[in-house]
1. Within the range 463-503, name every residue whose backbone N is under 17 Å away from a label modeled 7 Å from Cα of Q524 along the Cβ vector.
2. Could you tell me, in Å, what Rg and Dmax come out for the Cα atoms of the range 32-81?
3. Grab the other residues whose beta carbon is less than 12 angstrom from that of G47, score K and R as +1, D and E as -1, and report the net.
4. Would you tally the net charge around T472, using a Cβ to Cβ cut-off of less than 14 Å, leaving T472 out, and scoring K and R as +1, D and E as -1?
5. Calculate how large, on average over all directions, the projected area of the Cα convex hull of the chain is; give the answer in nm² to one decimal.
6. Roughly to the nearest percent, how much of the accessible area of the chain is carbon and sulfur, given a 1.4 Å probe?
7. Full-extension gain between Q380 and L511, please, as 0.36 nm times their residue separation minus the C-alpha to C-alpha distance.
8. Could you run the Karplus curve 6.51 cos²θ - 1.76 cosθ + 1.60 with θ = phi - 60° over the range 204-218 and give me ³J(HN,Hα) per residue in whole Hz, x for Gly and Pro?
Amino acid sequence: MSKKLAWLLGGLSVLVAIAPIQASEDTISDRGVNVRPLHEAPYNLIGRKIGLGQVEVGRPGKFGLDKAASNHRSLSLAGVFHRDRQAAADTNVDGHAAMVAMVMVSGDKRVPGVAPGARLYSSAVGSLRDAGQPEECLASQHVALQNTGDVRAINFSFGEPLRRDPRPNPVLDGNALLTRCVDWSARVHNVLYVIAGNQGGGGIPIPTDNYNGVNIAASTVREGVFNKVDFSNLSSLPEGIGRSLILREINTGGRRSINLVAPGSHVAVRDLEGDVEEVRGTSFAAPHVAGAVGVLQEFGDRQLAKAAPNWSLDSRRSEVMKAVLLNSADKVQDAALGVDRTLFDKDNKTWLDGDAYQNPEIPLDIQTGTGHLNVYRAYQQFSGGQNSPDTPVLPRGWDYNRVEVGNYQDYAIASPLQGGNFASVTLTWHRQVELNDDNGNNLFDVGENFRDLGLNNLDVYLMPAESNNTATAVCSSISKVDSSEHIFCPVPTTGRYKIRVVHRQQVNDPLQAYGLAWWTIPAQ
């Protein structure tokens, strides 16, 4: 018999259908996020010692503390909390939170998580009758400070509807307290926030209007592969019936919300009774991405431990991780890039049919962002190593660097590029949000707030190596409003090229830090 369970997420009663599992599609295999090869030899990457976080209304049960966890012995948790305090036994234990945690770190052989070796810290906000965005921020900060202050990603499979926002006539402009909190914490605590990406038509949109995290849409199975955006995603362009509601519940100013797509249907987890079930929704897409950070960061720390060349502590920067994940996503099947999947949106169109491909001022597709999470390709992207602009760079790699206003950084690619093949380049940087720290303790306290110092404007170009004029660029990404730029275009002719990062306009500091990732195909 099928079951239906309702959870209260950010003030919305969300009904999730749960069916008994039969032949579950494997979300961690090459049909899903393609992390399974990394769990096995010779890679053996499962997120060991990497701190991950979770903030929700409730929390998963912890074995040895909560009676409800007796059926979840394979779900190992490093810490459970109520906001910024240790959790009391058998309080705020929630099935939804437990299932989300399983997607990240389950050690169950039948339903393994993406990063079963990671250390997960989970905080429950608790009853929303006496909690709101300040308490959610407090819980987020507390989780970010766990693992001796070294949590690499925090998953939000919940959010706040606009109707609960205390601002007058609230809109998704990045200025809700929780949204500012996420962007502040991302920068101050160096953590990548992974947000379930429901916007439009009555979703749970706060804090999907963040700048410094990643918002995740859900994919569903078609012909055995997770390759189509699922109906559970509410994001769409404001057209036709419901236009006024959708206009109110998408980002203002034309800034796009969705960054990545991950499996959000046929996701196998265990319920509180220990039975294996299938669930769907963006709530279960987001933790695939948070878990991916754990796997990749274990590899990064392994490289640090053996003092690998072209590697540094910059590999832990959240801007780098965001750039790596976005740049390695699957868009269209391409043998040269090692992409086996073409991703379709709800209208059966591909990334190449959308405005992000046609318009250099739009870096992200409205439904699919930069594409579908592929953890193995993200590993390949990451393993290219750090390449600085001081010397010619490898055809595939990443960097963390800084650029002065009115200036640029050039990355000359050492090998000629093959004409006709696609090049992918992603640039990410942070909006600057500061804490109004009334009591001077360097911590957010309930009653305090944040000030937005804005977003500097950076652009990125792919241009002939010998040129010094961006007008000659063969591809560019020049959004005036986004905190990411993304190029995906065919190289017109075989030859030498460079990537140029430009600090176009200063809004806060004159020196802007950024993460950059690129994937090009050298000439044969």
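1. Only 491-495 fall inside the zone, counting backbone N under 17 Å.
2. Both quantities, over Cα of the range 32-81: 14.0, 39 Å.
3. Working: positive: R48, K49, R119, R152, R302; negative: E298, D301.
The answer is +3.
4. Working: positive: R496, K498, R500; negative: D410, E466.
Once all neighbours under 14 Å are counted, the net charge is +1.
5. Working: hull surface 92.6 nm².
The directionally averaged projection comes out at 23.2 nm².
6. Values: 9190 of 18940 Å².
Carbon with sulfur: 49 percent of the solvent-accessible area.
7. Working: separation 131, 0.36 × 131 = 47.16 nm, distance 2.99 nm.
Gain on extension, Q380 to L511, equals 44.2 nm.
8. 10, x, 7, x, 5, 8, 5, 9, 9, x, 10, 9, 10, 9, 9
The values are calculated or read from the model by the stated rules, or taken from the named source; none is laboratory data. Since the model is a prediction, treat every value here as computed from it, not as a measurement. Don't worry about glycine lacking a Cβ; one is built from the backbone with ideal geometry, like all the others, and counts go over all protein chains shown. The accessibility values were calculated without ligands, DNA or RNA, using every heavy atom of the protein model including side chains. Shrake-Rupley method; radii C 1.70, N 1.55, O 1.52, S 1.80 Å.
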